[in-house]
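The values are calculated or read from the model by the stated rules, or taken from the named source; none is laboratory data. Everything quoted here is computed from the prediction, not taken from an experiment. Cβ coordinates were reconstructed from backbone atoms using ideal geometry, including for glycine residues, and neighbour counts include every protein chain displayed.
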Amino acid sequence: MCGIVGVVGSTNATDILIQGLEKLEYRGYDSAGIFVANENQGQLIKSVGRIADLKAKVGDAVEGTIGIGHTRWATHGKPTEDNAHPHRSQTERFVLVHNGVIENYLQIKEEYLTGHTLKGQTDTEIAVHLIGKLVEEDGMDVLEAFKKALSIIEGSYAFALIDSENTDTIYVAKNKSPLLIGLGDGYNMICSDAIAMIRETNEYMEIHDKELVVVTKDSVEVQDYQGNVIERDSYTAELDLSDIGKGTYPFYMLKEIDEQPTVMRKLISKYTDETGRVTVDDDIVKAVQDADRLYIIAAGTSYHAGFASKNTLEALTGKPVELGIASEWGYHMPLLSQKPLFIFISQSGETADSRQVLVKANELGIPSLTVTNVPGSTLSREASYTMLLHAGPEIAVASTKAYTAQVATLAFLAKAVGEASGKAEAKAFDLVHELSIVAQSIEATLSEKDVIAEKVETLLGNTRNAFYIGRGNDYYVTMEAALKLKEISYIQTEGFAAGELKHGTISLIEDGTPVLALISGDEAVAAHTRGNVQEVVARGANALTIVEEDLAREGDDILVNKVHPFLTAISMVIPAQLIAYFASLQRGLDVDKPRNLAKSVTVE
Ligand code: M6R
């Protein structure tokens with residue numbers, strides 16, 4: 001969701017911006033633009049559509065030494081060229097890019113900008129007009145005007161501003177939206193995500209909320225809004241350029257699905273010591289032991305991973321687990337237990353909805369743990385503790401390896417806490433061995449891609465809707481399976497508790513409705529789900545069964561190797577990920593960048 005990249009002091013600013021924007025594409029966007037300048041001139045180029053379209057327009061852009069670029073995911077105003085960033089002030093002297101939402105933009109327009117002509121409908125354009133007015137009509141200097149504007153603006157933002165009359169500085173500020181500084185030799189950069197700067201640098205500096213940064217080619221000065229200078233150390237990130245390439249894969253999603261056995265094995269190595277014993281930071285284990293209830297807060301796929309981990313956490317730690325949708329809890333926090341621990345699950349660590357709950361938790365003094373793929377992300381920095389997913393960058397919008405890594409990581413947490421608390425079931429659960437079996441099970445499913453692709457063609461063809469059903473852990477997996485299928489194939493899909501269909505939804509079943517049933521675990525439970533499959537088939541549904549091998553019957557469609565019941569949410573989701581992938585592919589859609597979606601959802 002909206003990406004920012006900027007550079008000052010480099011002689012090939014245009015190339016750096018375009019390459020940076022390409023790396024930010026995965027976040028989701030519908031238009032893009034750059035502003036590049038040198039001492040003599042500046043050039044603004046914008047385009048609707050993909051970065052490739054922008055690149056085609058850039059042609060012989062000026063050889064700039066400073067520039068800012070942006071990918072826009074429309075919030076205020078349609079994805080048009082006028083609404084694309086960068087935006088300029090009334091006299092075109094100031095140029096601004098923005099990620100976030102300015103809540104009082106209409107009020108600012110009425111109060112401060114009478115007589116100004118706006119080209120589009122965005123909140124951002126109002127911000128840059130305000131800065132321009134404060135300098136050119138009210139006589140403030142640029143820094144003073146920027147600070148004044150920040151004191152007027154309410155909402156979330158990462159801003160990068162260039163004064164085209166003084167092209168040696170980028171002014172930056174942030175509140176609730178991500179932005180990082182990248183430090184180079186003779187140049188400095190800014191970016192929403194370190195991934196877009198790793199060609200140029202591996203040294204970064206954080207910006208905290210309500211901080212302003214003055215960036216030139218040789219200096220980076222962080223200030224609070226009162227002008228007090230803040231000393232901040234930089235850090236080196238361990239990102240590997242090869243991690244973010246697609247290699248020979250047609251889509252990142254397929255690469256990331258295929259990486260899952262490796263991720264499982266990596267997690268084993270990260271969460272065990274040299275004797276093979278499961279180890280999780282003592283402070284984290286103690287925080288869970290001290291809590292009387294665990295509250296998992298997350299969005300989308302990460303929320304589903306929370307459900308998929310609930311049974312394991314409860315069984316092994318003895319603590320009740322409650323789930324919260326981040327976008328709901330931000331406004332309505334339920335009655336909490338006496339000693340809660342909040343667990344935030346987030347691939348990106350930047351999801352604004354989750355962050356909103358974390359801010360409240362911190363205000364209330366509630367301890368928190370973030371389980372994330374991105375070290376140094378906002379949710380990681382602001383929570384009391386962090387556990388990393390070690391899944392490597394996930395670029396496809398549809399989350400796959402992060403989900404399975406989340407379930408596995410929380411299993412390590414459950415095992416470590418249970419063992420430390422002397423729980424017999426935790427001691428008996430050989431997670432390292434069981435997770436190795438899961439890795440093999442994933443590999444076995446991955447080797448069946450051709451079979452799965454064929455079944456998808458037959459079952460989902462031109463259908464407009466579908467259902468996933470399952471019981472117990474399989475029910476939790478149906479939620480994720482349905483999200484995966486709908487988000488990238490646009491087939492309207494719902495995940496249902498198999499026994500619940502007959503309480504209303506079964507009326508939607510008609511001739512040819514695809515119903516995909518997940519069947520794992522216990523024989524008795526499986527028999528009930530099979531009964532539900534019969535009910536829908538009797539009403540005309542086309543059923544497809546995905547079944548653990550020991551429960552298989554003649555005619556089952558996809559068999560999955562048996563794994564420990566605590567870990568079926570990992571093994572059973574793999575066929576569903578592949579089903580979604582092939583359904584999207586067969587429809588000729590952009591698997592990695594489904595319409596309207598963003599990878600990192602940084603607005604509430
Ligand atoms: O980065 P997060 O895990 O916090 O993101 C939460 C959701 O936006 C995300 O899981 C989304 O549902 C997936 N991209 C869907 O595949």
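Report whether or not ALA291 is surrounded by 18 or more Cβ atoms within 10 Å (Cβ to Cβ), within 13 Å of the ligand (Cβ to nearest atom) and among the small types (Gly, Ala, Ser). Spelling it out, it is not the case that ALA291 is surrounded by 18 or more Cβ atoms within 10 Å (Cβ to Cβ), within 13 Å of the ligand (Cβ to nearest atom) and among the small types (Gly, Ala, Ser).
Highlighted here are the helices (runs of 4 or more DSSP H) found entirely within the range 299-400 that include at least 1 residues which are among the polar types (S, T, N, Q) and either near the ligand (Cβ under 9 Å from one of its atoms) or in the same structural domain as ALA576 (by TED's automatic domain parsing) (or both): 300-317, 352-364. Flag set for VAL397, criterion: of a type outside the set (Phe, Trp, Tyr) and in contact with a Leu (Cβ under 6 Å, 6 or more places away or on another chain). The number of residues in the range 387-431 being surrounded by fewer than 17 Cβ atoms within 10 Å (Cβ to Cβ) and in contact with a Gly (Cβ under 8 Å, 6 or more places away or on another chain) comes to 3.
Answer with yes or no whether VAL222 is closer than 21 Å to THR11 by Cα and surrounded by 18 or more Cβ atoms within 10 Å (Cβ to Cβ). Considered against the rule, which asks whether it is closer than 21 Å to THR11 by Cα and surrounded by 18 or more Cβ atoms within 10 Å (Cβ to Cβ), VAL222 comes out as no.
Within the range 547-574, residues that are in contact (Cβ under 8 Å) with a residue 40 or more places away in the chain reach partners that are in a loop (DSSP other than H, G, I, E, B) and among the hydroxyl-bearing types (Ser, Thr, Tyr) with beta carbons closer than 6 Å, at six or more positions or on different chains, in the pairs THR568/SER520; MET572/SER520.
On the stretch given as the range 263-285, residues that are assigned to a helix (DSSP H, G or I) and without any contact (Cβ under 8 Å) to a residue 40 or more places away in the chain total 2.
Just one of the listed residues (ILE519, ILE558, ILE491) is at pLDDT 95 or above, within 16 Å of the ligand (Cβ to nearest atom) and among the hydrophobic types (A, V, I, L, M, F, W, C), namely ILE491. Residues that are assigned to a strand (DSSP E or B), surrounded by fewer than 24 Cβ atoms within 10 Å (Cβ to Cβ) and in the same structural domain as SER89 (by TED's automatic domain parsing): does the range 134-146 have at least one? No, there is no match, as no residue in the range 134-146 is assigned to a strand (DSSP E or B), surrounded by fewer than 24 Cβ atoms within 10 Å (Cβ to Cβ) and in the same structural domain as SER89 (by TED's automatic domain parsing). Once the range 245-262 is narrowed to residues that are polar (S, T, N, Q) and assigned to a helix (DSSP H, G or I), the residue that is farthest from TRP329 (Cα to Cα) is THR262.
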